[in-house]
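The values are calculated or read from the model by the stated rules, or taken from the named source; none is laboratory data. Here the structure is a predicted model, which is why all the values come from computation and not from measurement. Ideal geometry is used to build each Cβ from the backbone, glycine not excepted, and the neighbour counts take in all protein chains shown.
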Amino acid sequence: MLRFDETDKYELKEILNDALPKEIETYLNTEGGGHIYIGVNKIGEVVGITKGKLDETMLKVGDVITDQVLPKCTEYVHVHHEVIENKDVIIIDIKRGNKLYYQKKYGMTPKGCHYRVGTKCQEMTPEEIEKRFIASLNIPEPDICEMESHRQDLTFQILKNYLITHNYHFNDKTFETNLRLRTSSGKYNYMAFMLADKNDIVINVATFATTDKSKYLKRDEFGGVCLLYAMEKAKDYVESSYNQTFIKLGEGSRKEKKVFNNEAFEQAWYNACVHNKWSESNNPGIYIYSDRLEIESRGSIPARMSKEDFYRGVSNPVNKKLFDIFKTCGFGEESGHGVPTIVSIYGEKAYRFTESYINVIIPFDKSGFDNDDGDAKHPRNIQETSKKHPRNIQEEIYELMKSNQTLTMKDIMKILNISEGSARHNIKKLKDEGRIEHKGSTKSGYWKTK
């Protein structure tokens, strides 16, 4: 029988209880962090999570991390599940944070702030709390190039394909070094995880029926794949699904008008993805309302930059290396023209700043040509129609397979947000047309595109 020992780095818990917030903030405040095992008793025996309660317990652990410990600590806490001796065990891996952490219930008081001494949670004195808090104010933002990825089994074929397409020549031996995909200690960093062929980053496009969030319609997810690809697919989906084109035909003339400006949307979306504070584990998202779309990203105007400088396009990237990769791959603003472009079209009111988020608001104009009298000489020849660009699922799958030959059926369904039936149908059509061929076994094979 496997036995565990409780030490200064390992806390054993037979069941989830009210002590978890204290144990989490304790390890966040302790050099080297620690690990909490739920489903292992104090004498080291694996007892497991109560049968049928795993998902519920995982959700409760997540709620504790996000709601009961301050300040936000999700970037330093990783929760996962393992089966040990045929029993479910929840493991919480905690790294030392860069701030003073405390329980929301007690605030920054000795009862709310602890550090680990042996197997005990030691209360901090008021003097220690003050000293740690002041010290935390001077710590710079975490660098995603120095944050270690929790996964080290990463590949980068999709990223390489983007670079090749944009004439970036690289040597496989120096590829990871030149793009700074590893930390100074040699481990894959969080930026590498974001750009890897497979990851667990999800970008949401949420749709609401009204001008607020009172009536939710649906959510489309893009992710599990290289950020560049997921970002581009989310953009394409929004443009094809929501940016209706009105066409007005007259004698010898043709006018087109869209619901929103594509260039402004693309610049806002690329900026949100590259300048997002990824170190805080908050992903950018797109919210569709009946009268507008909003792009939300984690962050704020950089310190020592005025709003005037921001609107003028003064560049101060949050993630400098990621910014360079975006530009090399053809995404993002060039010469700081992204923000000025958006402001020139929609005005400064397009931006809304809060303490932690930047929102770009792009209004919809669904009036078509209602306010345009057109050619008065030929009023009957004037037509107003609308068109939407349907998705070509078959081509999307083909392009996806060209970018990553090892994708599984589930990967394709998740990335393209399609059903299993749709995936199988379109893959069969590609096979029948001789454009793709599967080599090897179902589990370890790959797709060959022609």
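Overview of results
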{"read-out": "Filtered residue count, the range 441-450, keeping only those that are more than 14 Å from residue 401 (Cβ to Cβ) and not charged (D, E, K, R)", "value": "3"}
{"read-out": "Which numbered condition residue 2 misses (of (1) surrounded by 13 or more Cβ atoms within 10 Å (Cβ to Cβ); (2) modelled with pLDDT under 95)", "value": "(1)"}
{"read-out": "Filter result for residue 82 (charged (D, E, K, R) and in contact (Cβ under 8 Å) with a residue 24 or more places away in the chain)", "value": "no"}
{"read-out": "Failed item in (1) at pLDDT 95 or above; (2) under 12 Å from residue 9 (Cα atoms); (3) part of a loop (DSSP other than H, G, I, E, B), with residue 96 passing the rest", "value": "(1)"}
{"read-out": "Scope the range 276-328; condition of a type in the set (Asp, Glu), farther than 24 Å from residue 192 by Cα and touching a residue at least 40 places away in the same chain (Cβ under 8 Å); matching residues", "value": "291, 294"}
{"read-out": "Cross-chain or 6+ apart pairs with Cβ under 9 Å, the range 143-167 first and free of Cβ contacts under 8 Å to residues at least 12 places away in the same chain, then charged (D, E, K, R) and in a loop (DSSP other than H, G, I, E, B)", "value": "153/198"}
{"read-out": "Residues satisfying the stated conditions in the range 9-36, i.e. of a type in the set (Lys, Arg) and over 14 Å from residue 57 (Cβ atoms)", "value": "9, 22"}
{"read-out": "Looking only at the range 132-167, and only at residues there that are among the aliphatic types (A, V, I, L, M) and at pLDDT below 85, the one that is farthest from residue 182 (Cα to Cα)", "value": "134"}
{"read-out": "Condition met for residue 34 (surrounded by 16 or more Cβ atoms within 10 Å (Cβ to Cβ), closer than 19 Å to residue 101 by Cβ, modelled with pLDDT of 95 or more and in contact with a strand residue (DSSP E or B) (Cβ under 6 Å, 6 or more places away or on another chain))", "value": "yes"}
{"read-out": "Tally, over the range 101-134, of residues that are of a type outside the set (Lys, Arg), free of Cβ contacts under 8 Å to residues at least 12 places away in the same chain and surrounded by fewer than 14 Cβ atoms within 10 Å (Cβ to Cβ)", "value": "4"}
